[in-house]
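A short worksheet on the structure shown next.
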Amino acid sequence: MSAWTTAIEAKWQAKWYAARINEAERDERPKFMIIFAYPGLTGYLHVGHMRGYTYVDAIARYKRMCGYNVLFPVGTHATGNGAISLAKRIKERDPKTIEYLLANGCPEDVIPHLTEPMDVVNFFNEVYQNQYWRRFGFLADWRRFTSTTNPDYGKFIQWQFRKLNDAGLLIQKPYFAPACVECGPVAIDASETDLSKGGSAETTEYTLLKFRCGDLFLVAATLRPETVYGQTNFWVNPEVEYVKVRRGDETWVISRPSYEKMSYQKDGLELIGTVKGSELIGKEAVAPVIHRPIPVLPAAFAKPDVGTGLVTSVPSDAPDDWMALLLLRENEEAMARYGLDPEKVRAIRPIPIIDTKGYGPMPAVEMIEKMGITDGNDPRLEEAKKQIYKDGFHTGRMNETCAEFAGLRVDEAKELIKKMMIDAGEAEVFYDLSEEVVCRCGKPVVIKKVPDQWFIDYGNPALTEATKAHCRSMHILPPEFYTNVQGILDWFRERACVRQGNWLGTPFPFDPKWIIEAISDSTLYPIYYTISHYHNTGLLKLEQMTEEFFDLVFLGEGTVPDVAAATGIEPGLLRRIREDVLYFYPLDINLGGKEHMTVHFPAFLKNHVAVLPSELWPRGIFVNWYVTGKLGKISKSKGGAEPIPDAAGRFGVDALRLYYAHIAAPFADVEWDEGNIESYSSRMERVMRTVEELKGLKGKERSVIDQWLISRMNNRAGNIAAAMDDYDLRRMANEAYFETLADVRWYIRRGGNNADTAARVLSMWVRMMAPITPHIAEEMWEGMGQKGFVSIAPYPEPMVDEIDRPAEVAEEYLADVMSDINEILRVTGISPKRIMLYTAPEWKREVHSIALEMAAEGSLTVPGLTKAVMSRDGLKRRGKEAADFARKTAEDLMKRSEAEKKRLSVKLDELSYLTGSSAFLSKEVGAPVEVYSADDDSAPDPQKKARAAGPRRPAIYVE
RNA sequence: GCGGGGGUAGUCAAGCCGGACAACGACGCGGGACUUAAGAUCCCGUCCUUAGUGGUUCGUGGGUUCGAAUCCCUCCCCCCGCACCA
C-alpha cells in the first residue's frame with residue numbers, strides 16, 4: 001500500500017503542478033482566498049501541525065470544485081531569534097541540536113552549512129514547502145511564497161507601519177521589559193528559547209514606599225500598597241548590609257541586590273555608602289500617607305533579594321508581620337540587644353483596615369490563631385498570606401480608617417492609593433521577576449527600562465469599536481470564538497511593536513535602530529500575497545515598492561500615471577496589480593491554531609481595520625485545535641514526533657488527510673495514535689475495493705434499489721453542501737467515506753447491478769472525495785476513463801428531483817424488518833427452517849392513517865382518535881379490538897417527532913415490497929421467507945402471530 | 001487572579017439553537033460466512049433484561065418541560081491562553 005500511495009502521490013502532484021491548476025490568476029469567476037497563519041520558522045514541524053494546513057487545502061479544493069477561483073498562498077514567518085539561536089547552536093555543534101536535525105532527516109552534509117541565521121531560514125523555507133506542503137499535495141500558489149525576512153516583505157511592512165503612524169496608532173513611552181544584562185531584550189516564555197533558566201517567571205510590580213528617617217529614606221517594597229493605612233512599624237533585617245543610594249535630592253536605603261536591579265530601571269542612581277541593618281533598628285521612620293512616625297524593628301524574614309529587603313509592617317492583614325511581632329514581643333534578649341523598649345513593642349496593635357467577608361477586622365491575626373502557627377519559618381505562613389490576599393482583594397472593602405478610600409473595593413482602592421502616593425512623591429514603581437531568570441549566555445535577566453519604546457495603540461477606542469462591529473458580520477469559527485472575540489478586542493491594549501537586540505526582521509521605518517517584532521509584522525500580510533508573485537517573478541523590482549506604490553495598489557490613493565512616473569513601473573502593470581488586489585481581497589478565511597485567539601487574530605483584525613478601507617476587511621476566521629501526544633505535548637518518546645515525510649510514506653498522504661478531516665471536530669484536541677491512522681488507511685482500501693466492485697457491475701436492468709441509491713447520493717450531496725457552509729470537513733468526510741460507502745455496500749448486497757447507476761454513482765462519489773483524498777481520487781477518476789483532473793471537476797450538487805423519498809422509506813422499512821428478524825433469531829437461538837411475515841390488516845392501516853392525519857393537523861389525542869375510529873362503521877364493528885388499537889396507536893404516535901411522523905406518512909405498499917424482496921430476505925437470513933397479509937385467512941399461521949401485525953411492523957413467525 | 005474550553009457507554013469520539021436517543025462512527029471484543037488453515041474481506045452482536053418487549057443510562061445533586069446528553073442553578077474534576085512568545 002505505502003509504496004503504491006507514495007508513487008501515485010508523486011505522479012499526481014507532478015501533473016497538477018505542471019498543469020498549474022494550483023495557480024490563481026484573476027478571471028471572471030467569483031474568487032475565494034484562504035490562508036493558514038504562516039508558521040514561525042523555528043525548526044522542523046511535526047505531524048500535529050499538518051492538521052490545520054490540511055483543513056485549508058481541503059476547503060480550498062472544495063471551493064475550487066464549486067466554481068471559485070481559489071487563491072491559496074503560503075509563506076513562513078522568520079522574524080525573531082528562532083533561526084539565530086538555531087544557527088548558533090549548530091555552529092557550536094550542540095549535540096542535542098545535531099541529533100534533532102538528523103532525526104528529522106536533515107542530510108548530514110547540509111548541517112555545516114546551517115551556521116548562519118539566513119542559511120537556516122532558507123533551508124527551512126525549502127523544507128516547509130517541499131517536505132510538508134507539496135508532499136501533502138497542497139494546491140497552493142507557490143509563485144506567491146513569501147517569508148518575513150525577504151527584502152520585499154520588509155518594504156511592505158515598512159509601508160504598513162507608515163500607515164499605522166498616519167492613523168495616529170504609533171505611540172512612544174517608557175516600557176519595562178525583561179532583558180539580559182549582556183545580550184539585551186529576551187523573551188520570558190515557557191519554551192525558554194532565549195533562556196537557560198526561569199521560563200515561567202512573571203514580572204511583578206512592587207510599589208516602593210519611602211519612609212523618612214532623619215536625612216535618609218528607608219524604601220520598602222510592597223505588593224499591597226492599599227494597606228498603608230494599617231502600618232504599625234517597619235522591618236529591617238539586622239544581619240543585612242544595606243546600601244545608601246542617591247536618588248535625585250534623596251538618599252535611599254535599600255538592599256544591594258535591589259539597587260543593582262533598580263539601576264536598570266531608574267536613571268541616575270548613585271551608590272554612596274552602606275549601612276548595617278542593625279544600625280537602623282530602634283529608630284523611627286515617618287510612614288507615607290499616614291505621616292506618623294513608626295518604630296524600626298528587626299525581622300529575619302526581610303530578605304535582601306526580595307523587593308528592597310525592607311518591609312513595612314501591616315500586622316492586621318499580613319501574617320508574616322503579625323507573626324514577627326508576636327515573636328519579637330516574647331524575645332526579651334533581642335529587644336535588649338537592640339535597645340528596644342519592651343513596653344513600646346508590646347503596645348503595638350494591629351490596625352484594622354479592610355472588611356473581608358468571612359473574616360473579622362484583622363484577618364492575619366485571626367488566621368494565625370486558627371492555623372495555630374507559632375513559628376516564623378512555618379511554610380503555612382505563605383499559604384495564609386495567599387489566602388488572605390485572595391479573599392481580601394476580591395471581596396474586601398476598605399473601612400473607615402482609610403480616609404477617602406473608605407467603602408471602596410480593595411481592587412479599586414489599590415490602584416487609586418498607589419497613584420495618590422506616586423503623585424505625592426511618596427512612592428515609586430519597581431519591577432522585579434518572580435524567580436531567578438538566566439539568559440542562554442549565562443548572565444542574569446533583569447527588568448530593564450526602555451525609555452522610548454514604540455507601541456501600537458490597539459486600545460484606541462474608535463479602532464476597537466469599528467473592529468468589534470465588523471467582527472459581528474464575519475464568519476468566525478468556532479461560534480464560541482465569534483462571541484469571545486468581542487471581549488478579546490476590548491482587552492487587547494497597546495502593544496510594544498519593536499525591539500532591539502539580536503533579532504531578524506524589518507527595521508522600523510522611523511528609527512532603524514529598532515526591529516519590528518514578531519507579532520507586529522504578521523498582521524496585515526495576507527494582502528501582500530495578492531502581489532508577492534510580481535516581485536518573485538521579477539516583474540516588480542525592490543526599489544519600485546515605494547510608499548506611493550503601496551498607497552496606490554492597496555488603498556487606491558494617487559494616480560497610475562503619477563506612480564508610474566515616480567517608480568518606473570509600467571502603467572499597465574500597476575493597473576493589473578491594483579485590480580488583482582481588489583479582486584482577491586478581502587481574505588475569506590484566515591485559519592490558525594488556538595494559540596492565535598488572543599494574540600494574532602485580534603492584531604490581524606485591528607490592523608486591517610486601521611489600515612485598509614472597509615471593503616477589504618477580512619470575512620472569516622477559522623480556529624483549529626491541536627494534535628497532542630499521549631501526555632500533553634507531542635514528543636519523541638511518546639510518539640507522534642516522527643517527521644512528516646516519514647509519516648506520509650508509512651501511512652499515505654491521503655490516509656493522513658482523511659484522519660485530520662475526520663478524527664474529531666476541528667475545535668477539540670486529539671491525541672496522536674497511530675492506530676487511528678491505520679484505521680483510516682484501511683478505510684481508504686475499503687473504499688477503493690468497493691469502487692472496483694461498482695466498476696465491475698454490468699447489468700442493464702433497473703430496479704427499486706437503483707432509484708434508492710441515486711436518491712441517497714443526491715441526499716449525500718445535499719448534506720455535504722450544507723455541512724460545507726460551515727466548512728465542516730468532518731461531516732463531509734462522514735458522508736463521503738462512511739455513509740456513502742455503507743449505501744453502496746447495501747446496494748451491492750441488495751443485488752444492485754446496473755452499469756448506468758454504477759457509473760453515475762462513481763462519478764459523484766469520486767468527486768465528493770477529491771478535496772480530502774485528492775491523489776486516490778485522481779487515480780480512481782482516471783481509472784474510470786474520465787478526462788481531466790477530478791481536482792478541477794465540478795463538485796456534485798444535489799438534484800432535488802432525483803431524491804426519491806418513498807424509495808428510501810421503503811428500504812429503511814426493509815432494513816427494520818430484517819433487524820427484527822435477526823433480533824428474534826438471536827434471542828431465541830432458533831435456526832430457522834422457514835419464516836413467515838404478516839403485514840398489517842386493512843383496518844389497522846385505516847386507523848393508522850386517521851391517526852396520522854389528526855397528528856398532522858395537531859389534533860391527535862387518545863379519546864379523539866377513539867371517537868374518530870368509532871364513527872366509522874367498518875371499524876366500529878371490531879369493537880374493543882379497534883378501540884385498543886386506536887389507543888395504542890395514538891399513544892405511540894404522540895411520542896414521535898415531526899420528522900418521524902412524516903416518514904410514517906410516506907405511502908408504502910408493505911405487502912408488495914416485502915414480497916418483491918423475499919428472495920433477498922431469504923438469502924440474508926438463510927431460510928425461506930414467506931410473506932402474507934394478515935387479512936389473508938388462508939395463510940398458514942400456526943401460532944396466530946398475524947394478530948400482532950401492525951402498520952410498518954409486520955408480524956413475524958419463525959419455525 | 002483574569003479570560004476561555006471540557007467531563008458521553010471498554011477506548012477514541014459525534015450529538016449539545018429540547019423531541020426519529022440506548023444515543024452516528026471508529027477501534028477493541030464476541031459470533032457467523034468465506035478459506036485446508038491463518039490473515040484479509042463480508043455480515044450480525046456488544047448497558048441489563050427479552051420472540052422483535054421492557055428497564056436504567058450521557059461527571060454530581062437539584063430545577064424548568066408533556067418530553068433533556070441537549071436549557072437553568074449547586075458542587076466535584078480536568079485542560080488551555082494571559083502579551084514582545086509564534
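The values are calculated or read from the model by the stated rules, or taken from the named source; none is laboratory data. In this text the structure is predicted, and so the values were computed from the model without any measurement. Cβ sites come from the backbone with ideal geometry, for glycine too, and all protein chains shown count toward neighbours. Accessible surface is based on the protein model in full, side chains and every heavy atom, while ligands, DNA and RNA are left aside. Shrake-Rupley method; radii C 1.70, N 1.55, O 1.52, S 1.80 Å.
Taking the range A:550-611 on its own, what percent of its Cα-Cα pair distances exceed 14 Å? Intermediate values should be presented prior to the final figure.
On the way: 1223 of 1891 pairs.
Roughly 65 percent, once rounded to a whole number.
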Farthest toward the dipole's positive end in chain A, which of A:Ala721, A:Ala347, A:Thr628, given Cβ charges of +1 (Lys, Arg) and -1 (Asp, Glu) about the Cα centre?
A:Ala721
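Enumerate by residue number the GluC sites (Glu not before Pro) in the range A:23-76 meeting two conditions: DSSP loop (anything except H, G, I, E, B), and at most 14 other Cβ atoms within 10 Å of the site's Cβ.
Values: sites: A:Glu23, A:Glu25, A:Glu28; in loops: A:Glu23, A:Glu25, A:Glu28.
For GluC sites (Glu not before Pro) across the range A:23-76 that sit outside H, G, I, E and B with at most 14 neighbouring Cβ atoms in 10 Å, the list reads A:Glu25, A:Glu28.
What is the magnitude of the charge dipole of the range A:93-138 about its Cα centre, with +1 placed on the Cβ of each Lys and Arg, -1 on the Cβ of each Asp and Glu, and no other charges, expressed in debye to the nearest 20? The partial results should precede the final answer.
On the way: 4 positive and 7 negative charges, 51 e Å.
For the range A:93-138, the charge dipole is close to 240 debye.
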Read phi for every residue in the range A:786-799 and hand back ³J(HN,Hα) as whole Hz from Karplus 6.51 cos²θ - 1.76 cosθ + 1.60, θ = phi - 60°, with x for Gly and Pro.
6, 9, x, 7, 5, 4, 10, 6, x, 5, x, 10, x, 9
Dipole magnitude of chain A about its Cα centre, charges +1 at Lys/Arg Cβ and -1 at Asp/Glu Cβ only, in debye to the nearest 20?
2060
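With n ≥ 4 as the cut-off for DSSP H runs, can you work out [θ] at 222 nm for chain A, using -39500 (n - 2.57) per run divided by the number of residues, rounded to the nearest 500?
-13000 deg cm²/dmol
Tell me, in nm to one decimal, what length is gained between A:Ile792 and A:Ala10 on full extension, where the rule is 0.36 nm per residue of separation less the Cα-Cα distance? It would help to have the intermediate numbers written out before the result.
On the way: separation 782, 0.36 × 782 = 281.52 nm, distance 1.81 nm.
Stretched out fully, the A:Ile792 to A:Ala10 stretch lengthens by 279.7 nm.
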Between A:Ala167 and A:Arg686, how high is the FRET efficiency from 1/(1 + (r/R0)^6) when r is the Cβ-Cβ distance and R₀ = 60 Å? Nearest 0.05.
0.55
Just flag the GluC sites (Glu not before Pro) in the range A:537-577 sitting in loop per DSSP whose Cβ has no more than 16 other Cβ atoms within 10 Å.
A:Glu557
What the Cα atoms of the range A:652-725 span along the principal axes, largest first and in whole Å, is 48, 29, 16
Under the Karplus relation with 6.51, -1.76 and 1.60 and θ = phi - 60°, whole-Hz ³J(HN,Hα) for the range A:282-297, x at Gly and Pro, equal x, 6, 10, 10, 8, 7, x, 6, 7, 6, 10, x, 10, x, 8, 10
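How much of the DSSP bridge set in chain A is antiparallel, in percent, rounded to the nearest 5? Display every interim value, and only then the final one.
Numbers: 66 of 96 bridges.
So the antiparallel bridges in chain A amount to around 70 percent.
With N set to the residue count of the range A:8-137, report its C-alpha Rg divided by 2.2 N^0.38 Å to two decimal places. Could you put the intermediate results ahead of the total?
Working: Rg = 17.3 Å, N = 130, 2.2 N^0.38 = 14.0 Å.
Computed over Cα atoms of the range A:8-137, the ratio equals 1.24.
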Please get the size of the charge dipole for the range A:42-176, origin at its Cα centre, with Cβ charges of +1 on Lys and Arg and -1 on Asp and Glu, quoted in debye to the nearest 20.
580
Taking a cut-off of 24 Å, what percent of all Cα-Cα pairs in the range A:285-440 are separated by more than that?
41
Would you pull out the residues with amide H under 5 Å of A:Tyr727's amide H, same chain only if 5 or more places away, H placed 1.01 Å from N?
none
Extent of the range A:74-206 along each principal axis, from alpha carbon coordinates, in Å, largest to smallest?
50, 38, 23
So what does log10 I(q)/I(0) come out to for the range A:805-959 at q = 0.15, 0.18 Å⁻¹, using the Debye formula with one equal point on every Cα and no solvent?
-0.83, -1.11
Estimated Rh, the range A:212-317: Kirkwood, alpha-carbon pairs, angstrom:
13.7
Order of exposure, largest accessible area first, which applies to A:Lys370, A:Lys244 with probe 1.4 Å
A:Lys370, A:Lys244
Given backbone amide H placed at 1.01 Å from N, residues whose amide H is under 5 Å from that of A:Phe622, ignoring those fewer than 5 places away on the same chain, are A:Leu477, A:Asn590, A:Leu591, A:Gly592
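I need the GluC sites (Glu not before Pro) found in the range A:160-245, filtered to DSSP loop residues with at most 14 other beta carbons within 10 Å of theirs. Numbers along the way, then the final one.
Numbers: sites: A:Glu182, A:Glu192, A:Glu202, A:Glu205, A:Glu226, A:Glu239, A:Glu241; in loops: A:Glu182, A:Glu192, A:Glu202, A:Glu239.
Passing both the DSSP loop test and the Cβ count: A:Glu182, A:Glu202, A:Glu239.
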Across bins of 20 angstrom width beginning at 0, how are the C-alpha pair distances of chain A distributed, in whole percent?
11, 29, 27, 21, 10, 2, 0
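Any idea what diffusion coefficient the range A:458-498 gets from Stokes-Einstein, in µm²/s, Kirkwood Rh on alpha carbon pairs, 4 °C, 1.567 mPa s?
On the way: Rh = 10.8 Å.
Here the translational diffusion coefficient equals 120 µm²/s.
Sort the range A:856-918 into rounded, prolate or oblate with this rule: let a ≥ b ≥ c be the square roots of the eigenvalues of the Cα gyration tensor; rounded if a/c is under 1.5, and if a/c is not under 1.5, prolate when a/b is larger than b/c, oblate otherwise.
Numbers: a/c = 2.44, a/b = 1.30, b/c = 1.88.
Oblate shape, in that a/c is at least 1.5 and b/c is the bigger or equal ratio.
Anything in chain A that counts as a DSSP H helix reaching 24 Å or more along its axis (C-alpha) with Kyte-Doolittle mean of at least -1.0? List them, would you? Could you put the intermediate results ahead of the total?
Numbers: long enough: A:2-19 (25 Å, -0.32); A:674-695 (32 Å, -1.03); A:704-724 (30 Å, 0.19); A:805-828 (35 Å, -0.06).
Answer set is A:2-19, A:704-724, A:805-828.
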Once Lys and Arg get +1 and Asp and Glu get -1 on their Cβ, which of A:Ala742, A:Leu114, A:Ser905 lies farthest toward the positive end of the dipole of chain A?
A:Ser905
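I need the peptides A:928-938, A:496-506 ranked by packing, meaning the mean over residues of other C-beta atoms within 10 angstrom, with the highest value on top. Walk me through the numbers before you get to the answer.
On the way: A:928-938: 17.4, A:496-506: 21.1.
Ranked from most to least packed, the peptides come out as A:496-506, A:928-938.
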Output the Cα-based Rg and Dmax of the range A:521-660 in Å, rounding Rg to one decimal and Dmax to a whole number.
20.5, 62
Using all alpha carbons of the range A:770-812, what is the percent of pairwise distances in each 5 Å bin, ordered from the shortest bin to the longest?
5, 19, 19, 13, 10, 15, 16, 3
Give the average over all directions of the projected area of the C-alpha convex hull of the range A:385-510, one decimal, in nm².
14.2
Hey, can you grab everything whose amide H is under 5 Å from the amide H of A:Asn69? Only 5+ residues off in sequence or another chain; H modelled, so Pro and N-termini drop out.
A:Lys31, A:Phe32
